Amino acid sequence: MGRERLSSLFARTRAEGRAVLLPYMTAGLPDPGTSLALFEAMAGAGADGFEVGIPYTDPLMDGPVIQQGSERAIEAGTSPDVALELVAAVVESTGLPVLVMTYANPILHRGVDEFVAVAAEAGADGVIVPDLPVEESGPLRRAADRHGLGVVQFVAPTSGTARIEAVAAADPCFVYAVAEMGVTGERAEAGGRLDGLVGRIRAVTDVPVVAGVGISTPSQAAAAARVADGVIVGSALVRRVLEADSPDAATSELAQAVADLAAAVR
Amino acid sequence: MTIKLDRPDERGRFGEFGGRFAPETLMPALEELETAFAEAWSDPEFRTEFSEILTTYIGRPTPLHPARSLSEHLGVEVLLKREDLAHTGAHKINNAIGQGLLARRMGKPRVIAETGAGQHGVATATAAAYFGLDCTVYMGEVDIERQALNVLRMEILGAEVVAVRTGAGTLKDAVSEAMRDWVRTVEDTHYVIGSVVGPHPFPWMVREFQRVIGEEVLGQMGDDLPDVVVACVGGGSNAMGIFHPLAERGIELVGIEAAGEGIDTGRHGASIGAGTPGVLHGSATYLLQDEQGRVREAHSISAGLDYPGVGPEHAYFHQTGLARYESVTDDEALEGVELLARTEGIIPALESAHAIAWVARERRRLEGRRVLVNLSGRGDKDVEEIGKRR
Ligand SMILES: Cc1ncc(COP(=O)(O)O)c(C=O)c1O
């Protein structure tokens, strides 16, 4: 459980000579009742773990698709508690590692330690908080340590060596390499700066590097998988759920998309 | 606790408030901006150029106007600091020129801004025209509707105005969208934030650019300082601009937030008065949020006060008692507009009318004291809205 489960996932896939696929999905889509089925379908299609987003009113790092997904999930009644219940169900049903993604305010509002305790209780293995850079993530990291969870820290194409060193010193469970400048969303071209970025990270630390932001197609995922230890795809999957005519259609569309991506990272 | 009035600490904190809760993609730019501003601000050449522009272009110092008939009407001596007479019609231009100058110094060819009332958008579009920069302004669609005059002004000045349709379509959403633009474009774009909000160094930098208001008051009033200073608080830049130089001098500093339809209706913008600590738009501060820590929508008749957060230094001023924060409703503000118009021949912005309305409401308590109101802007942009409510 917890951070160790993530370490052993990366150890295994490194030995297999492939990257992991971590689909991002907002909790509570298309509605809280159907949400688990989406994760089960993605697990069946070859996902190695999940980034589960707790829908938030002000997702600063997210583009229009995930914003809309968050709005819809909140309207459908996905509170943070409902989202964490879903995490528990996903862990129990799929047995795959789960990272909980949220923003700083809901965590601070609940109390950092209590939030981490509840996430750990639900069976989550790590947390991703895009507006907690290393300078502000100390309290979260200490709480996560106490509960055996990992914390993800970001590195962007603009981050210099000193910042990458600070991220490494913060002992993240993996480094999230931001593949594209900008917020989450699909792009025709992506990852042009990723090779250089991953190289700069690897020069400093050997913790796993997972690429995300702007990666949406199998060919983009394949390119990222050649340099990184893992790939996160979000908007392309959330969009399929938002556009689907029915929960069944969402499930089968998603399974197909994840199967294509899973093949691409291998 | 020792109160710190100068720079925030190295983490950008004013006490427990402030900081830098920003995506990693922006962190290097925020570090670069902090260094660039600190260098510029201690460079006499930069300071000279800034004050020359303030004088010859903006028309500073703005007058200190003894509002004799308003004073007579209320039975309280009222003075007005006339930021409404600054070029473009509000205090926002002080900051926009400062940041425009800095953007040019940093070699950024493009600026972006958010705007609520449109005054900061107009100010940024003006600064961009003045310095020859490209300019994009994010504005909520509700605000585009209620501040139509300013949208036209921005477009005439050559700025692109982008309508923001997410959330309530007001100031909070415009800030979020501007930040999202900046995450993508940060390498060649400077974000001219419009108030003392956002991640460090913005609250500090904007306060420094707005301090000219209070510094002029010190020069204009000499030893004869007022007993009370009142300013409206959206993000809090006009208030901090006048409060900061006047703090710890035995003057009562009062910030007026928007009570909207009434604090008890839940439809208001009183982040300090009715909010709780949290994180919004990159800094730790007071904000309006629900029991799950999700940000609540604010409400105010004035677009500039329709914001669920407040600058972190105001949170600090509140916590340390350096200033007090009260609130005024939409209806009271509308009466404030008419009162100032009829007594002094000045139509104030709806934002500024909150400060006037507070003096009118509290006149008995204020009897015998000299009250200085920061008249942050003029009301041309609001006449249509005011007309609808008469
Ligand atoms: C005239 C005027 N006053 C006040 C404000 C509120 O901003 P702040 O609190 O930063 O002064 C605005 C904002 O748009 C404004 O236009």
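The values are calculated or read from the model by the stated rules, or taken from the named source; none is laboratory data. No experiment lies behind these values; they were computed from the predicted model shown. In this analysis, Cβ positions are derived from the backbone assuming ideal geometry, glycine residues included, and neighbour counts consider all displayed protein chains. These accessible areas exclude ligands, DNA and RNA; they are computed on the full protein's heavy atoms, side chains included. Shrake-Rupley method; radii C 1.70, N 1.55, O 1.52, S 1.80 Å.
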Using a 1.4 Å probe on the protein heavy atoms only, what accessible surface does B:SER42 show? Give it in Å² to the nearest 10. 90 Å²
Could you work out [θ]222 nm for the protein assembly as shown from helices alone, using -39500 (n - 2.57) per DSSP H run of at least four and dividing by all its residues? Round to the nearest 500 deg cm²/dmol. -14000 deg cm²/dmol
What is the Rg over Rh value, at two decimals, for the range B:261-390, using alpha-carbon atoms and the Kirkwood definition of Rh? 0.99
Going by a 1.4 Å probe on protein heavy atoms, which residues of the range B:283-299 end up with at least 40 Å² less accessible surface in the whole assembly than in their chain alone? B:GLN292, B:GLY293, B:ARG294, B:VAL295
Pop out the carbon and sulfur fraction of the accessible area of the range B:224-334 as a percent, whole number, probe 1.4 Å. 40 percent
In nm, to one decimal, how far is the modelled label at B:ASP331 from the one at B:ALA148, with both set 7 Å along Cα→Cβ? 2.8 nm
Taking 45 Å as R0, compute the FRET efficiency from the Cβ-Cβ separation of B:ARG249 and A:ARG193 and round it to 0.05. 0.30
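Which whole-number value in Å² is the accessible area per residue of the range A:3-265, probe 1.4 Å?
33 Å²
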Protein heavy-atom accessible area occluded, A/B pair - total, 1.4 Å probe, Å²: 2900 Å²
Longest site-free stretch - chain B; sites: GluC sites (Glu not before Pro), DSSP loop, at most 13 other Cβ within 10 Å: B:17-186
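Semi-axes of the equivalent ellipsoid of the range A:3-265: what are they in whole Å, largest first, if each equals the square root of 5 times a C-alpha gyration tensor eigenvalue? Working shown, then result.
Values: eigenvalues 121, 96, 58 Å².
Over the Cα atoms of the range A:3-265, the ellipsoid semi-axes are 25, 22, 17 Å.
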Using the Cα gyration tensor of the protein assembly as shown, the equivalent ellipsoid's semi-axes, largest first and to the nearest Å, work out to 47, 24, 22
Determine the distance separating the Cα centre of the range B:289-348 from the Cα centre of the range A:35-66; give it in Å without decimals. 38 Å
Looks like chain B, by Cα gyration tensor root eigenvalues a ≥ b ≥ c and the a/c under 1.5 rounded cutoff (else prolate when a/b is bigger than b/c, oblate otherwise), is rounded
Using DSSP to call loops (not H, G, I, E or B), can you name the GluC sites (Glu not before Pro) in the range A:173-243 whose Cβ has at most 12 other Cβ atoms within 10 angstrom? A:GLU189
Cα centroids of the range A:136-186 and the range B:126-156: how far apart, whole angstrom? 36 Å
Taking chain B as a Gaussian network, Cα atoms linked when under 10 Å apart, which of B:SER352, B:SER51, B:SER283 shows the biggest mean-square fluctuation? B:SER51
The ratio Rg/Rh over the Cα atoms of the range A:1-116, Rh being the Kirkwood inverse mean 1/r radius, stands at 0.98
Separation of the range B:229-256 and the range B:1-67 by C-alpha centroid, Å? 16 Å
Measuring from label point to label point, each 7 Å out along Cα→Cβ, what is the B:ASP227 to B:GLU45 span in nm? 4.9 nm
